[in-house]
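The structure under discussion appears below in the form of structure tokens.
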């Protein structure tokens, strides 16, 4: 049977076909749909959202040790969080198969950097598999599980946004029968005391040599021979672009990306007059190949190391390298792009919080989530964003070097706080930092499309469960002042924030309004502007609500009055609260108007 | 359809049904026995951003993204988005564009304003444009969200599958309670396309 599947759907299907027993993840674009699909379509697999990638990875390790094939998925920067267990699990090896997906985001469609995680495979000295379409994404999960068990190693399956989110046709297979493996209390293998770890490191080195031999014969690395003098070494999505541009040129297609089959590559290089490497982002293949003595092999100087490749970029690179005579043609003259920058939704509870923070001229350290959009003008009320959970540590450091004259506020969401903000807050208490932390609790992981968290009361598999009590948790860390506010109540938020920012010692403010989109779309009675009362002061424009737009009518002949788009207004009332002339009122039902 | 690859670029704004249109197109292609790849990047787009989808149909498709400047058809559900995508169109390609104008509030404050007449700008570059008052047609049918199906229907003769293949795709992929409405929208678009082909 054939189906059109995205790369992520294909990995989920692959997990099912490979007899996976356990899957764990923290949501992150572009990886999120893998676990969502497993939970929705394959109930035989235990699937969970973990609080962060490190925990997900450790749960997966436990699953493997316990004897069931385990899959862990995350976005590229999630591997940074999970790097600690990864580096040592590479030593112990597995019991049942263990595969983790790193979904990289070249071009940073939805990320803060575009690190190339293929280096992690080399760093941890574990095998790396790189699919180039959905069929391979599915099939490689099973192959990766088999390699994991045969060589006693975790295996990395490296996706990219273009592979994860593109759809292509996939031939489905039946699931394999996998027998459960008993956990053997082999402490020399699983307890990484120095004496044991030294012995395991030897195994890692030996294993890598065996994997290199395996790579030489793996069908995942194949040569497509057309008898040309030019040869191209490529893998992942870049393979598709090379085939698009030069369908009849000799290609060494890499699917097993570490360790590389250097003997086979050497033969390929020797058999061609000229060999180029086409790979997205960093020169992973190129460096290894050139370090092995094949110094005539080139690549990055023609194709670049930033952003996504594309058929056009590959064609341009080939032209630059003198392989394609003609530069790719340019068609119609591009128009000036009309930007549609992402903005906080109408009715978003974060808007009230940022309106107050802007008014108070606070320095705000930010974090990863929808609220990062608080940085966009006209709000412009968020000033840093590094990585998950960084806001609190950043605020502490800033306050320690600058003193408390200019108050610093850390802003992070509920899911991000649970992911890695708790330890930062512990530090603020422990080291007596005069910062205010806002936990913007909108009761969901909103940015990635609405996933449950340990504080929402539901699991990924839809069961009811305990939910974290933020107030109790924060109090237990030793925070003496913990306040809860409705962030869309302007005066209350302003008053509370003034007090807390002036208070010595760490304080925490928790906002309590749920996301306006998820799990339920909030739509109250919309508001409207009484134009004759509007004085054109523009205060409502400055809250950056997409439902408010300038009227054609002008105040004092030059200042545009405001109007509200009733189809987008959710009736959150924030604009009405800050309108001095009280020109913004609840929209009257149509029949009353006449 | 011949052996060539057909490249269809769909442009619109979050919430306009770009993804459903690309799913319908892919389904029609698979049922007709072709290889299909489609690609769109989602991430921050649910918040009113630009959404575009690349669909490629042929005997064997490699790249999931259309080579720049080689789209045979651009379906644009919005005027400025159609203009923004013009450089993806092949010199012999066709633009099927809805009269819809979605002006985001940022355009009222920022330095860049919404283009005065995007369709006129497109026509300065190519005559191969079909402007459809899809918004009006959709509203007359009772649902603004039918713009995608109407536009797909107008483009369908240039893509080239049997009419019933499209209708089966709608029955399979559209939510049951909206199937009839979408079939009606498709039918109206298809008739309009017929008159365009003759003209």
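Computed from the coordinates by the stated procedures, all read-outs in this text should not be read as laboratory data. Just so we're clear, the structure is a prediction, and the values are computed from it rather than from any experiment. Counting neighbours? That spans all protein chains shown, and the Cβs are built from the backbone with ideal geometry, glycine included.
With no solvent and one equal point scatterer placed on each C-alpha of the stretch A:441-594, evaluate the Debye formula and give log10 I(q)/I(0) for q = 0.14, 0.18 Å⁻¹, two decimals.
Here log10 of I(q) over I(0) equals -0.87, -1.12.
For B:65, A:438, what's the fewest-to-most ordering of other Cβ within 10 Å of each Cβ?
Ranking B:65, A:438 by Cβ neighbours within 10 Å, fewest first, gives B:65, A:438.
If you count, for every residue in A:310-321, the Cβ atoms of partner chains within 10 Å of its Cβ, what is the mean?
2
With runs of 4+ DSSP H residues as the only contributors, calculate the mean residue ellipticity of chain A at 222 nm using -39,500 (n - 2.57) per run, divided by the residue total and rounded to the nearest 500.
Helices in chain A give a 222 nm mean residue ellipticity of -10500 deg cm²/dmol.
What's the percent breakdown of Cα-Cα distances in the protein assembly as shown across 20 Å bins, shortest bin first?
For the protein assembly as shown, the pair-distance distribution reads 15, 44, 35, 6, 0.
Using only the alpha-carbon atoms of the stretch A:37-117 as identical scatterers, what base-10 log of I(q)/I(0) does the Debye formula give at q = 0.12, 0.16, 0.17, 0.24 Å⁻¹?
-0.37, -0.63, -0.71, -1.16
In degrees between 0 and 90, to the nearest 10, how far off the longest principal axis of chain A does helix A:490-502 point, with axes built from Cα atoms?
70
In which sequence would A:38, A:323, B:57 go, from the one with the fewest C-beta neighbours within 10 Å to the one with the most? Working shown, then result.
On the way: A:38 29, A:323 17, B:57 26.
If I rank by nearby Cβ atoms, fewest first, I get A:323, B:57, A:38.
Regarding the stretch A:349-511, what are the three Cα extents along the principal axes, ordered largest first, in Å?
Principal extents (Cα only, largest first): 48, 36, 29 Å.
Need one value for B:53-63: mean number of C-beta atoms belonging to other chains within 10 Å of its residues' C-beta atoms.
Taking the mean over all residues of the peptide, I get 4.
Compute the angle between helix A:194-217 and the longest alpha-carbon principal axis of chain A, please, reported from 0 to 90 degrees and rounded to the nearest 10.
70
Counting only other chains, what is the mean number of Cβ atoms within 10 angstrom of the Cβ of each residue in peptide A:326-332?
Mean shielding by partner chains, rounded to a whole number: 6.
For the stretch A:2-217, take the alpha-carbon Rg, divide it by the Kirkwood Rh, and send me Rg/Rh. Intermediate values should be presented prior to the final figure.
Numbers: Rg = 16.0 Å, Rh = 16.9 Å.
Looking at the stretch A:2-217, the ratio lands at 0.95.
Report, to two decimal places, the Cα Rg of chain B normalised by 2.2 N^0.38 Å (N = number of residues).
0.97
Note down the relative contact order for the stretch B:62-199 as a percent, whole number, built from C-alpha pairs under 8 angstrom at least six residues apart.
21
Using only the alpha-carbon atoms of the stretch A:140-197 as identical scatterers, what base-10 log of I(q)/I(0) does the Debye formula give at q = 0.18, 0.19, 0.21, 0.27 Å⁻¹?
-0.90, -0.95, -1.04, -1.23
Is the shape of the stretch B:57-144 best called rounded, prolate or oblate, per the rule: a/c under 1.5 gives rounded, else a/b larger than b/c gives prolate, else oblate, with a ≥ b ≥ c the square roots of the Cα gyration tensor eigenvalues?
It is prolate, given that a/c is not under 1.5 and a/b is the larger ratio.
Jot down the per residue volume, in cubic angstrom and as a whole number, of the convex hull over the alpha-carbon atoms of the stretch A:527-593.
Values: hull volume 5.8 nm³, N = 67.
With only Cα atoms used, the stretch A:527-593 gives 87 Å³ per residue.
Determine Rg/Rh for the stretch A:208-281; Rg is computed over alpha-carbon atoms and Rh is the Kirkwood hydrodynamic estimate from the same atoms. All intermediate terms of the calculation are to be shown ahead of the outcome.
Working: Rg = 11.8 Å, Rh = 12.4 Å.
Expressed as Rg/Rh, it is 0.96.
May I ask you to derive the relative contact order of chain A, considering only C-alpha pairs under 8 Å and at least 6 residues apart, and to give it as an integer percent? Please list the in-between numbers first.
Details: 1269 pairs, mean separation 61.3, N = 594.
The value is 10 percent.
Quick one: what do you get for the stretch A:210-365 if you divide its Cα Rg by 2.2 N^0.38 Å?
The stretch A:210-365 yields a ratio of 1.49.
Specify the angular offset, from 0 to 90 degrees and rounded to the nearest 10, of the alpha carbon long axis of helix A:311-320 from the longest principal axis of the alpha carbons in chain A.
The answer is roughly 60 degrees.
How do A:165, A:350 rank when sorted from fewest to most other Cβ atoms within 10 Å of their own Cβ?
Lowest count first: A:165, A:350.
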